[in-house]
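The values are calculated or read from the model by the stated rules, or taken from the named source; none is laboratory data. It should be emphasised that the depicted structure is a prediction, and the values quoted were computed from it without experimental measurement. Don't worry about glycine lacking a Cβ; one is built from the backbone with ideal geometry, like all the others, and counts go over all protein chains shown. Heads up: the accessible areas ignore ligands, DNA and RNA and are worked out on the full protein's heavy atoms, side chains in. Shrake-Rupley method; radii C 1.70, N 1.55, O 1.52, S 1.80 Å.
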Amino acid sequence: MALRTLHLNAPPLLHILRSLCLLVLAASAAVSVSGRHHAPTPAHGTGQSMYLAPACRAHTASLADFGGVGDGTTSNTAAFRSAVDHLSQYSGEDAGGAMLYVPAGKWLTGPFNLTSHFTLFLHSDAVILASQDINEWPIIDPLPSYGRGRDKIGGRFASLVGGSNLTDVVITGNNGTIDGQGAMWWSKFHKNQLKYTRGYLIELMHSDTIYISNLTLLNSPAWNIHPVYSSNIVVQGITILAPTNSPNTDGINPDSCSHVRIEDCYIVSGDDCVAIKSGWDEYGISYGMPSQHIVIRRLTCVSPTSAVIALGSEMSGGIQDVRAEDITAINSESGVRIKTAVGRGAYVKDVFVRRMTLTTMKWVFWMTGNYKSHPDDKYDPNAIPVVDNISYQDVVATGVYKEAARLEGIQGAPFKGICVANVTADLSKSRKYPWTCADVEGVSVNVSPAPCQPLQGAHDGACPFPTDTLPIDQVTVQQCAYDVPGGTGASGGGN
């Protein structure tokens, strides 16, 4: 069942999802490859196959053309790198661009980078397998807005699929799979055996116009999709699966990014399903690049220890104008979580959330101004973050087993402008104080159980939600055709 494409507000679907999630949660080992694939669609009368993307390519080649072997044991690192290097000759804006076709098979590889005006396309039965040989993973510099690796001081392992300073990059397929084979990394992380921060499955830096769609991502060593210092990004129709006890396997983390659209994604992970970030303490303040103009729609999440949507905790470049709607979650820690602390500086403001259906949660909403994780002891104690204009409306939560909300701002710098409307939280146990609030200010209407006193300001209607259309919503796709390469050399494709 293609869960990510369904309308997710129907009660029968919640029962189906709950049953599915119980099966996922029962698995203690890494998740196996899903059988939910779709073969390429032939173009009528042409023998070509079709796919959807914002841009089509004039040139197509197969990984097999560059010595790739899809047996699951032969390393294809050199083949991937050679293929991208060869196809980069078409990366000029007037050269028509290129597509690298990954055929059916299991393609073991270490990290490789993409190029501009480029499509990485996975056949429905193609699986890119991340190498278990740690020597195949280059060490790269920490992100300047973090000042160090998140796991360890110093550098970090490269991400499996990467790239920097690119324009017009598409990563797509007929629901092909990228499997990070993360169990080795998780074990080494838990045992403190890694000298550097783990790599991610996909990380694109300093890039513009990114489109990631129709893939299954499994068992990432850490974060799954990490666009950073980039803009004009669409992530659509992605399934992300990892054991719910796997460390830091966040789903989609736009980081110091602008104009982002995330929609129709299904995520089961050991950390936040979507986490919006923008740098860490003094390093993020110095880099000064916010995350802004971000749309999240039709997201389905399972994450028992983390949030459906998180903002922070690394938010020192600022987070502004986040719009989330039509969200479904089952067995997750919190629906929306804002994480910040003294020393972060910057702001989280203009956050709008509506139409959430939540089942089996610890908290519906959680805010904290005391998230103590710091890169070092050099942060500025006078860098006080601002949290303002946060709206939650049309939320139904059942099986809430902690509190309706835990909202804790910063003494002397309260979180302001909180609006809660048409929210029902069905607590599994009666509580004398179903809300915990400190250093917050706001208004509410039609909320059950009744919110804490600081949120009982007079209010006569719905919370605000922007009515304008962002440019990222105007990005459209077209139907592209390609000849399936036969493994004998580069061939024309696209249209």
(request) Kindly indicate whether any position in the stretch 308-322 is buried (at least 22 other Cβ atoms within 10 Å of the Cβ), within 13 Å of the chain's Cα centre (by Cα), within 13 Å of Leu470 (Cβ to Cβ) and at pLDDT 95 or above. (result) no
(request) Scan the stretch 255-303 for residues that are open to solvent by less than 10 Å² (accessible area, probe 1.4 Å), over 30 Å from Lys378 (Cβ atoms) and more than 14 Å from the chain's Cα centre (by Cα) and report the count. (result) 0
(request) Scan the stretch 55-85 residue by residue and report those that are open to solvent by less than 10 Å² (accessible area, probe 1.4 Å), assigned to a strand (DSSP E or B) and not small (Gly, Ala, Ser). (result) Thr60
(message) So Ser428 passes all but one of these: (1) in contact with a Phe, Trp or Tyr (Cβ under 6 Å, 6 or more places away or on another chain); (2) farther than 30 Å from Lys152 by Cα; (3) touching a residue at least 40 places away in the same chain (Cβ under 8 Å). Which condition number does it fail?
(response) (3)
(request) For the stretch 316-323, indicate whether the set of residues that are under 20 Å from Gly442 (Cα atoms), in contact (Cβ under 8 Å) with a residue 60 or more places away in the chain and out of contact with any helix residue (DSSP H, G or I) (no Cβ under 9 Å at 6 or more places or on another chain) is non-empty. (result) yes
(request) For the stretch 460-478, enumerate the residues that are farther than 30 Å from Tyr51 by Cβ and open to solvent by less than 60 Å² (accessible area, probe 1.4 Å). (result) Gly461, Cys463, Phe465, Pro466
(message) Scan the stretch 236-249 and tell me whether some residue there is within 11 Å of the chain's Cα centre (by Cα) and without any contact (Cβ under 8 Å) to a residue 60 or more places away in the chain.
(response) yes
(message) So if I check each of Ile285, Ile330, Ile296, Ile309, which one is over 22 Å from Gly237 (Cα atoms) and among the β-branched types (Val, Ile, Thr)?
(response) Ile285
(message) Condition check: open to solvent by 30 Å² or more (accessible area, probe 1.4 Å) and part of a loop (DSSP other than H, G, I, E, B). Does Asn214 satisfy that?
(response) no
(message) Restricting to the stretch 108-122, and then to whatever is assigned to a strand (DSSP E or B) and open to solvent by 10 Å² or more (accessible area, probe 1.4 Å), can you tell me which residue is nearest to Asn76 (Cα to Cα)?
(response) Leu108
(request) Return the residue satisfying two criteria in turn: it lies in the stretch 221-235 and is in contact (Cβ under 8 Å) with a residue 60 or more places away in the chain and assigned to a loop (DSSP other than H, G, I, E, B), and of such residues it is farthest from Asn175 (Cα to Cα). (result) Tyr229
